[in-house]
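Asker: Can you read through this structure? Questions will come right after.
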Amino acid sequence: MYLVSLVYASTTSDQFQSSDVESILASARSHNSARAISGLLCFSNKYFLQCLEGSRAEVNETYLKILNDSRHKNIELLGFREISKRQFAGWSMGYVPKSSLGQELILRYSGSADFAPHQMSAESAHSLLARVSLTSPLLQT
Ligand code: FAD
């Protein structure tokens with residue numbers, strides 16, 4: 001089995017309501033646990049940045065579902081790579097709310113004052129998520 005990591009950025013659609021974040025997380029955690037997928041979902045203003053880790057087949061299948069979800073748009077694949085070890089093993093889908101993304105982190109990894117994940121390289125996106133996962137007490141499994 002090949003273990004992979006996929007990271008993408010997207011923008012909320014007109015259909016999206018802020019209460020959707022909870023249902024997205026509930027659905028993601030239940031589906032991901034069953035498929036041995038781990039990862040983090042970051043949401044700030046109207047942008048999502050998400051990393052999925054797991055077997056290549058499961059990550060591909062889950063990403064296809066996510067691509068078809070009308071609650072977001074402008075879905076852009078930032079990176080897809082084989083990994084030897086999971087970065088977010090403890091989380092079926094950890095959540096990084098806006099409050100956990102300090103200005104210093106945004107400036108450092110996003111290269112601008114505003115969180116703009118579509119402008120990030122795959123490496124910066126991974127580094128930002130890895131950094132938040134190590135320092136934020138607000139993540140939930
Ligand atoms: P169903 O609930 O039957 O979904 C059928 C279709 O409707 C799918 O295309 C689905 O995307 C779409 N859909 C479901 N609910 C809504 C809704 N309320 N409004 C509009 N369209 C809807 N799922 C995971 O399993 N793992 C993840 O990590 C994950 N991350 C996500 C991140 C984001 C930013 C978003 C927007 C969604 C995420 N989802 C994730 C949810 C995923 O898109 C599917 O809704 C979920 O996997 C259930 O899909 P389903 O086909 O099994 O079931």
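Computed from the coordinates by the stated procedures, all read-outs in this text should not be read as laboratory data. The model shown is predicted, which means the values in this text are computed figures rather than measured ones. Glycine also receives a Cβ, built like all others from the backbone with ideal geometry; neighbour counts cover every protein chain displayed.
Asker: Report, by residue number, each residue of region 81-127 that is of a type in the set (A, V, I, L, M), in a loop (DSSP other than H, G, I, E, B) and surrounded by fewer than 20 Cβ atoms within 10 Å (Cβ to Cβ). It would help to see each step written out before you state the result.
Answerer: If we filter region 81-127 for residues that are of a type in the set (A, V, I, L, M), which is where we start, we get 83, 89, 93, 96, 101, 105-107, 113, 116, 120, 122, 125.
Now drop any that are not in a loop (DSSP other than H, G, I, E, B), which leaves 83, 89, 93, 101, 113, 116, 120.
Within region 81-127, I83, A89, A113, A116 qualify.
Asker: Could you tell me whether A130 is surrounded by fewer than 18 Cβ atoms within 10 Å (Cβ to Cβ) and over 14 Å from the mean Cα position of the chain (by Cα)? Lay out the reasoning, then the answer.
Answerer: Values: surrounded by fewer than 18 Cβ atoms within 10 Å (Cβ to Cβ): yes; over 14 Å from the mean Cα position of the chain (by Cα): no.
So A130 does not fit the description; no.
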